[in-house]
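Here is the structure we will look at.
The values are calculated or read from the model by the stated rules, or taken from the named source; none is laboratory data. These numbers come from a predicted model, not from an experiment. Glycine also receives a Cβ, built like all others from the backbone with ideal geometry; neighbour counts cover every protein chain displayed.
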Amino acid sequence: MVRAAVTVDGAVVGEIGPGLLVLVGVGDGDGAAEAAVMADKLCDLRLFSDVEGKMNLSVGEAGGGVLVVSQFTLLADLRRGRRPSFTAAAPPEVAEPLVAAIAQRLAATGLSVATGRFGAKMAVELVNDGPVTIVVDVVDGRVR
């Protein structure tokens, strides 16, 4: 990714240059363990090109930053009707500290981390360098 930014009420609240835009959907039943596993996986994923053009570098090795944005709509259930159901999403009082924990754990590794604003109407801008979009899910303490 080349850059990403989040704007709330016309003001930029978080932005990064090259790095990862992480849209975090916290599900009902997720907890601190899942947040830790998620952050550790994101930190170590080899998604950035080395000098040979192969995806061999982590975001830190590539000198990138991370923009963490809460996104409960990732948990939309579209199986019935035409209106999405969000019953699988954790309530805000559970989700907000877990999104913050992911950002804090990433920052503790030395990465430059920016965030959106939980619960706000955010305009998220992404300029992507290549079609790499990956879903990372933690189930039973393991990434799948």
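In the set (1) more than 21 Å from G14 (Cβ to Cβ); (2) touching a strand residue (DSSP E or B) at 6+ places or on another chain (Cβ under 6 Å); (3) of a type in the set (D, E); (4) in contact (Cβ under 8 Å) with a residue 12 or more places away in the chain, the condition left unmet by E125 is number (1). Tell me which residues, restricted to segment 48-74, are hydrophobic (A, V, I, L, M, F, W, C) and closer than 18 Å to V24 by Cβ. If the condition is that a residue be hydrophobic (A, V, I, L, M, F, W, C) and closer than 18 Å to V24 by Cβ, then V59, V66, L67, V68, V69, F72, L74 are the ones that fit.
Residues that are out of contact with any Phe, Trp or Tyr (no Cβ under 7 Å at 6 or more places or on another chain), in a strand (DSSP E or B) and surrounded by 16 or more Cβ atoms within 10 Å (Cβ to Cβ) do occur in segment 119-142, at least one of them. Would you please name the residue that is farthest from V136 (Cα to Cα), looking only at residues in segment 56-85 that are without any contact (Cβ under 8 Å) to a residue 60 or more places away in the chain and part of a strand (DSSP E or B)? If we take residues in segment 56-85 being without any contact (Cβ under 8 Å) to a residue 60 or more places away in the chain and part of a strand (DSSP E or B), then S85 is farthest from V136 (Cα to Cα). For segment 86-117, taking the residues that are assigned to a strand (DSSP E or B) and aliphatic (A, V, I, L, M), the one that is surrounded by the most Cβ atoms within 10 Å (Cβ to Cβ) is identified as V113. Test of understanding: among V24, V13, which residue is closer than 11 Å to L67 by Cα, buried (at least 18 other Cβ atoms within 10 Å of the Cβ) and touching a residue at least 24 places away in the same chain (Cβ under 8 Å)? Exactly one residue qualifies, and that residue is V24. Taking the criterion of being under 20 Å from D140 (Cβ atoms), buried (at least 18 other Cβ atoms within 10 Å of the Cβ) and in contact with a helix residue (DSSP H, G or I) (Cβ under 7 Å, 6 or more places away or on another chain), the residues of segment 33-55 that qualify are A35, M38, A39, L42. Examine segment 109-120 for a residue that is more than 22 Å from S58 (Cα to Cα) and at pLDDT below 95, and state whether such a residue exists. Taking every residue of segment 109-120 in turn, none turns out to be more than 22 Å from S58 (Cα to Cα) and at pLDDT below 95.
The criterion of being of a type in the set (D, E, K, R), touching a residue at least 40 places away in the same chain (Cβ under 8 Å) and in contact with a helix residue (DSSP H, G or I) (Cβ under 7 Å, 6 or more places away or on another chain) does not hold for R117. How many of the residues in segment 1-13 are at pLDDT 95 or above and over 13 Å from the mean Cα position of the chain (by Cα)? Matching residues across segment 1-13 total 8.
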